[in-house]
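Trainee: First the structure, which I've put down as structure tokens, then a few questions once you've had a look.
Here, each number is a calculation from the coordinates, and none is a lab measurement. Bear in mind that the values here come from a model prediction, so they are computed numbers and not experimental data. Because the Cβ atoms are built from the backbone with ideal geometry, glycine has one as well, and the counts that use them run over all protein chains shown.
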């Protein structure tokens, strides 16, 4: 059975303090790994899709990387507006395009 | 681009009544649409997958007769919660897949059953 585990559950950073969020996964044939940002009471906002080990993608202060077992979301010099829950999801090749989500990492960036 | 809307954003209904939630892809045609539910402090759980013109595929444990899904066009899917009960209170979120593998999510609908 496909599994997605995110750590830590919660992370508190000071503004400017860089860190990484982890997403470990087991899946029978990975089609893609997705990162989303979710603000309270809102739907997830698409950030990245990674398809193969070694792939990296960047967007502003965020950088996502992928290995055969895990993905990292690196946050460089975060700002308070980066506070949100970050969700990782995997899409298996035989999933019919459905996403299997982890429980998320709740990030709080304080001034 | 890739904007998905949901209506209503919030709804309160009485136990035993039915509620319809609409999901629209505004600037693309969605090959597939998905419905998720999310309980407080928990992640998204897939309820069903629907393709335009076809019957929805429901996840194990999701009652087909309770959660009716209609995908009438490439830009519209609806979820009807029939005979709603307080335990159906949740945050319902739809997503749409334009092509390839990405999914774009709507803003969600908060359902409260009293």
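Trainee: Take residue B:64 and residue B:9, extend 7 Å from each Cα along the Cα→Cβ direction, and tell me the distance between the two endpoints in nm.
Mentor: Using points 7 Å along Cα→Cβ, the separation is 3.6 nm.
Trainee: Oh, and also: Express the Stokes-Einstein translational diffusion coefficient of chain A in µm² s⁻¹, to the nearest whole number, given a Kirkwood radius over alpha-carbon pairs, 20 °C and a viscosity of 1.002 mPa s.
Mentor: Rounded to a whole number, D works out at 153 µm²/s.
Trainee: If you take each beta carbon of peptide B:103-111 and count the beta carbons of other chains within 10 angstrom, what is the mean?
Mentor: 4
Trainee: For the protein assembly as shown, what is the largest minus smallest coordinate of the Cα atoms on each principal axis, given in angstrom and ordered from greatest to least?
Mentor: Its Cα atoms span 50, 37, 34 Å along the three principal axes.
Trainee: Also: Could you pull the Rg and Dmax for the range B:54-106, using just the Cα atoms, both in Å?
Mentor: 12.5, 37
Trainee: Evaluate the relative contact order of the range B:9-114 (contact order divided by residue number), counting alpha-carbon pairs under 8 angstrom at least 6 apart; express in whole percent.
Mentor: 38 percent
Trainee: Hey, another quick one. From other protein chains only, count the Cβ atoms within 10 Å of every residue's Cβ in B:40-47, then give the mean.
Mentor: Across the residues of B:40-47, the mean count of other-chain Cβ atoms within 10 Å is 5.
Trainee: Now, a different point. Give me the base-10 log of I(q)/I(0) for the range B:1-61 at each q in 0.16, 0.17, 0.19, 0.25 Å⁻¹, Debye formula, one uniform scatterer per Cα, rounded to two decimals.
Mentor: Computed log10 I(q)/I(0) values: -0.70, -0.79, -0.97, -1.30.
Trainee: Across peptide A:31-41, how many C-beta atoms of other chains are within 10 Å of each residue C-beta, on average?
Mentor: Neighbouring Cβ atoms belonging to other protein chains average 2 per residue here.
Trainee: Report the relative contact order of the range A:5-80, percent, no decimals, based on alpha-carbon pairs under 8 angstrom and at least 6 residues apart.
Mentor: 34 percent
Trainee: What relative contact order, as a whole-number percentage, does the range A:37-111 give when Cα pairs under 8 Å and 6 or more residues apart are counted?
Mentor: 24 percent
Trainee: While we're looking at this one, here's another question. Sort largest first and round to whole Å: the equivalent ellipsoid semi-axes of chain B, each the square root of five times a Cα gyration tensor eigenvalue.
Mentor: For chain B, the semi-axes come out at 22, 14, 13 Å.
Trainee: Convex hull over the alpha-carbon atoms of the range A:27-75: what's its volume per residue in Å³?
Mentor: Roughly 88 Å³ of hull volume per residue.
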